[in-house]
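Chemist: Dropping the structure in here first, questions after.
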Amino acid sequence: MALTKSPDIHVEKSGKKDNNPGSSSGKRRSFFSLIIWAVSLSRAYKKWVIIILIAMLFETIMSIATPWPLKVIIDNVVEHRPLPKWLSWMDFIFHNESVVGLAAVAAIAFVLIAIIGAIASYLDNYYNENVAQHVANDLRRQIYHHLQRLSLAYYDTHQTGKLLSTITSDVSTIQDFASSTLLSILVDALTIFGMLILMFFLNPGFTLIALAVTPFLLLFVARFKKAMKKATREVRNDQSNMFTVLQQGLESMRSVNAFGRQDFEEDRLKKVSEETVNAALKARRVKSALSPIVTIIVSVCIALVLWLGADLVLSKAMTVGVLTVFVWYMNKFFSPVQDLAKLTSTVAQASVALERIQAILDTDSIIPQKIDAKDPGKLKGDIVFENISFAYNADLEVLHNINLKIACGQRIGVCGPTGCGKSTIVSLIARFYDPTAGSVLIDGTDIKEFKLDELRGQIGFVLQDTALFYGTIRENIAYGRPNATEQEIIEAAKLANAFEFISKMPNGFDTFVGERGVTLSGGQKQRLGIARAVVRNSPILILDEPTAALDTESEKVVMEALENLMIGRTVITIAHRLSTIRDADKIIVLNAGSVVEEGTHEELMAKGEIYADLYNVQSWAEHVPHKNVPVVIESIKEAT
């Protein structure tokens with residue numbers, strides 16, 4: 001199945017709609033819409049679906065034919081009744097002389113029916129599972145494809161654990177539904193249609209009994225199904241919460257151990273796990289009550305047919321064989337209803353899974369790309385902010401009327417108190433978010449005119465906490481440019497002052513780093529992040545407090561590497577330590593979302609305002625005794 005492509009242009013609606021996959025506020029899905037949706041997912045596998053349908057047809061025919069050899073044995077062999085007209089050709093073979101031969105033919109027919117049915121069932125199940133596996137694979141890729149293109153605003157309000165639960169558990173639920181439940185429903189539907197025809201042929205009166213009871217059974221099951229679906233939705237939400245707690249706890253295991261919070265995390269898991277158990281037991285109570293009730297109603301209906309049928313047999317109005325076939329058909333006729341009762345839990349789970357999956361796929365908080373968006377080519381790096389304002393939501397404006405000009409090749413420092421909008425400014429350059437007002441221009445062109453991927457390909461990042469992935473050092477350095485040559489990777493490592501420590505590792509560039517780079521020091525991780533930016537070779541470089549978490553010795557090595565990286569590029573550095581941007585061509589000071597100062601270090605120090613106060617406080621803090629640190633902290637608070 002081809003992945004659903006994102007539309008060429010989307011409207012940002014983040015914050016207006018709750019698309020949390022763990023929420024119950026999403027669009028409710030009916031049973032029939034679930035089947036239609038599952039069938040639509042299978043369209044890419046038409047050849048397999050055709051094989052499945054043919055196999056199902058044979059399976060249905062064999063299922064309907066199963067009791068007829070028994071009827072021949074009872075009526076024509078045991079009771080010596082004449083064969084019906086459509087079997088009169090057998091009289092020509094046996095001349096009504098060998099009932100043993102007739103019994104043999106009936107027995108062989110019974111085996112052949114079973115063999116053909118078994119082969120059809122095998123093909124049916126095998127290819128159905130084949131389609132289900134591929135549909136699940138396509139669905140996972142489609143969800144992940146969509147998630148990769150959502151605005152970061154979506155991730156500001158959605159828990160990673162719940163998204164992971166949808167991609168794994170909910171997709172697996174849909175797969176199970178497609179491979180087993182849907183198959184059972186379709187086979188039962190074909191079987192019941194064929195049996196109705198034969199039941200009317202055998203005895204219209206008895207058939208009306210079955211048809212009269214069926215609507216009440218379906219209504220009864222439907223009422224239970226609503227309760228089952230509600231209970232299942234609670235189970236899925238609680239499972240998502242449990243998934244989130246586990247994911248957060250495992251990702252933060254070092255912090256958990258460092259602060260001795262193992263008992264606290266275990267209590268969190270205990271709480272959500274018990275909620276999941278209680279919800280699951282509630283769902284089981286509903287399911288357990290439904291199936292026995294339906295079974296009793298069906299048994300009463302069949303008992304009525306047996307009672308009336310026995311009277312007809314005794315009065316010679318019906319043969320024992322016909323009654324046997326009819327009772328078998330009655331049991332089969334109600335089987336779909338019984339199956340629906342048993343499958344209520346599965347169908348409810350699939351419906352809820354569909355709601356949660358569709359909640360993600362329906363999310364339209366995607367950064368828009370115009371249909372005629374162009375490739376920016378090789379940018380020079382002139383950046384202009386024109387009347388930029390930005391708010392994460394309507395009640396909180398982070399940036400207000402920002403106007404900036406950054407010339408190609410300039411080194412710009414951005415500083416200010418925590419929460420003043422420093423990181424937001426650089427996020428707008430890469431279009432992680434779009435401004436609520438104003439425009440960002442690069443080389444004189446609004447960045448909304450550029451293709452999104454190509455724009456971001458022109459920007460390199462070195463962040464405060466470099467994200468390393470489980471894999472080799474070589475793969476991590478080349479992450480932003482997978483086609484980098486071996487020589488380019490080595491040169492990048494040398495420029496980043498990382499070659500020396502890489503060479504000392506057991507397998508050099510083929511050494512595996514732990515998940516999130518936990519096997520490396522902070523300085524080593526940052527130097528790999530710098531090497532990654534070197535390989536990318538982008539004209540615009542964004543440094544988001546790259547040395548904030550490093551000790552003095554590591555900072556010195558990293559700063560030397562950054563100096564190598566910054567040559568010939570437009571560089572924007574978000575600084576916590578003001579000493580790292582002292583030599584910048586221009587320093588921008590933000591406060592409460594507005595630019596309050598702008599100039600070189602010397603110019604801003606001469607003004608003696610916010611920047612000078614911050615710089616003086618930090619310089620003082622570096623030289624005062626540790627016992628005076630509280631005083632320094634208070635001074636910093638007053639200055640900011």
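The values are calculated or read from the model by the stated rules, or taken from the named source; none is laboratory data. Keep in mind it's a predicted model, so treat the numbers as computed, not measured. Heads up, the Cβs are rebuilt from the backbone with ideal geometry, glycines too, and the neighbour counts pull from every protein chain shown.
Chemist: Considering only residues that are among the acidic types (Asp, Glu) and at pLDDT 85 or above, look in segment 372-426 and name the one that is surrounded by the most Cβ atoms within 10 Å (Cβ to Cβ).
Modeler: Taking segment 372-426 as the starting set, the residues that turn out to be among the acidic types (Asp, Glu) are 372, 375, 382, 386, 395, 397.
Narrowing further to those that are at pLDDT 85 or above: 372, 375, 382, 386.
Details: Asp372: 8, Asp375: 11, Asp382: 18, Glu386: 16.
Filtering segment 372-426 for residues that are among the acidic types (Asp, Glu) and at pLDDT 85 or above, the one surrounded by the most Cβ atoms within 10 Å (Cβ to Cβ) comes out as Asp382.
Chemist: List, please: which pairs have Cβ atoms under 7 Å, are six or more places apart or on different chains, and start with a residue in segment 601-612 that is in contact (Cβ under 8 Å) with a residue 24 or more places away in the chain and end with one that is in a helix (DSSP H, G or I)?
Modeler: Filtered contacts from segment 601-612: Tyr611/Leu604.
Chemist: Can you name the residue in segment 123-153 that is touching a residue at least 24 places away in the same chain (Cβ under 8 Å) and out of contact with any helix residue (DSSP H, G or I) (no Cβ under 8 Å at 6 or more places or on another chain) and is also farthest from Asn393 (Cα to Cα) among such residues?
Modeler: Only one residue tops the list, namely Arg141.
Chemist: Now for a different question. Would you tally the residues in segment 427-438 being buried (at least 18 other Cβ atoms within 10 Å of the Cβ), hydroxyl-bearing (Ser, Thr, Tyr) and touching a strand residue (DSSP E or B) at 6+ places or on another chain (Cβ under 6 Å)?
Modeler: 0
Chemist: If you check every pair at least six apart or on different chains, which have Cβ atoms under 9 Å apart with a residue in segment 270-284 that is closer than 15 Å to Leu246 by Cα first and a residue that is of a type in the set (S, T, N, Q) second?
Modeler: Taking only residues 6 or more apart or on different chains, the pairs are Val272/Gln239; Val272/Asn241; Val272/Thr244; Glu275/Asn241; Thr276/Gln239; Thr276/Asn241.
Chemist: Looking only at segment 154-173, count every residue that is crowded, with 16+ Cβ neighbours inside 10 Å, under 11 Å from the mean Cα position of the chain (by Cα) and among the polar types (S, T, N, Q) and tell me the total.
Modeler: So the count comes out to 3.
Chemist: On to the next question. If we scan segment 596-610, do we find a residue that is closer than 30 Å to Val535 by Cβ and at pLDDT 80 or above?
Modeler: There is no residue in segment 596-610 that is closer than 30 Å to Val535 by Cβ and at pLDDT 80 or above.
Chemist: A further question follows. Inspect all residues belonging to segment 466-488 and state whether any of them is of a type in the set (Asp, Glu) and modelled with pLDDT under 80.
Modeler: Scanning segment 466-488 turns up no residue that is of a type in the set (Asp, Glu) and modelled with pLDDT under 80.
Chemist: Further question on the same structure: For residues that are surrounded by fewer than 16 Cβ atoms within 10 Å (Cβ to Cβ), on the phi > 0 side of the Ramachandran plot and part of a loop (DSSP other than H, G, I, E, B), tally how many sit in segment 467-501.
Modeler: Final tally of qualifying residues: 0.
Chemist: Out of curiosity, is Ser151 at pLDDT below 80, surrounded by fewer than 18 Cβ atoms within 10 Å (Cβ to Cβ) and either of a type in the set (Ser, Thr, Tyr) or within 30 Å of Ala430 (Cβ to Cβ) (or both)?
Modeler: Considered against the rule, which asks whether it is at pLDDT below 80, surrounded by fewer than 18 Cβ atoms within 10 Å (Cβ to Cβ) and either of a type in the set (Ser, Thr, Tyr) or within 30 Å of Ala430 (Cβ to Cβ) (or both), Ser151 comes out as no.
Chemist: Hey, another quick one. Output the helices (runs of 4 or more DSSP H) that fall wholly within segment 43-114 and possess 1 or more residues being modelled with pLDDT of 80 or more and exposed (fewer than 15 other Cβ atoms within 10 Å of the Cβ), or say none.
Modeler: 46-65
Chemist: Something else now. If I go through segment 553-595 residue by residue, how many of them are at pLDDT below 80 and surrounded by 19 or more Cβ atoms within 10 Å (Cβ to Cβ)?
Modeler: Final tally of qualifying residues: 6.
Chemist: Still on this structure: Please go through segment 427-442 and give me each residue that is touching a Leu at 6+ places or on another chain (Cβ under 7 Å) and at pLDDT 90 or above, ordered by number.
Modeler: Within segment 427-442, Val440, Ile442 meet the criteria.
Chemist: Here's a follow-up. Please enumerate the residues belonging to segment 523-552 that are at pLDDT 80 or above, part of a loop (DSSP other than H, G, I, E, B) and touching a strand residue (DSSP E or B) at 6+ places or on another chain (Cβ under 7 Å).
Modeler: Ser538, Pro539
Chemist: For residues that are outside any strand (DSSP E or B) and in contact with a helix residue (DSSP H, G or I) (Cβ under 6 Å, 6 or more places away or on another chain), tally how many sit in segment 369-415.
Modeler: Final tally of qualifying residues: 3.
Chemist: Which one is modelled with the lowest pLDDT, of the residues in segment 316-368 that are assigned to a helix (DSSP H, G or I) and acidic (Asp, Glu)? Break it down into steps so the answer makes sense when it comes.
Modeler: Filtering segment 316-368 down to residues assigned to a helix (DSSP H, G or I) leaves 320-342, 344-361.
Next cut, acidic (Asp, Glu) only: 339, 355.
Values: Asp339: 64, Glu355: 81.
Among those that are assigned to a helix (DSSP H, G or I) and acidic (Asp, Glu), it is Asp339.
Chemist: Return the residues of segment 439-466 that are part of a strand (DSSP E or B) and surrounded by fewer than 18 Cβ atoms within 10 Å (Cβ to Cβ); say none if nothing qualifies. Walk me through it before giving the result.
Modeler: Pass one, segment 439-466, residues part of a strand (DSSP E or B): 439-442, 445-446, 450, 459-462.
Ser439, Leu441, Thr445, Asp446 - these are the residues of segment 439-466 that are part of a strand (DSSP E or B) and surrounded by fewer than 18 Cβ atoms within 10 Å (Cβ to Cβ).
Chemist: Oh, and also: From the residues in segment 314-332 that are among the hydroxyl-bearing types (Ser, Thr, Tyr) and in contact with a helix residue (DSSP H, G or I) (Cβ under 8 Å, 6 or more places away or on another chain), which one is farthest from Ile192 (Cα to Cα)? Reasoning before the result, please.
Modeler: To start, the set of residues in segment 314-332 that are among the hydroxyl-bearing types (Ser, Thr, Tyr) comprises 315, 319, 324, 329.
With in contact with a helix residue (DSSP H, G or I) (Cβ under 8 Å, 6 or more places away or on another chain) added as a condition, the list becomes 319, 324, 329.
Details: Thr319: 23, Thr324: 17, Tyr329: 9 Å.
Restricting to residues being among the hydroxyl-bearing types (Ser, Thr, Tyr) and in contact with a helix residue (DSSP H, G or I) (Cβ under 8 Å, 6 or more places away or on another chain), the top hit is Thr319.
Chemist: Checking the structure you have, find out if any residue of segment 249-263 is modelled with pLDDT of 75 or more and surrounded by 16 or more Cβ atoms within 10 Å (Cβ to Cβ).
Modeler: no
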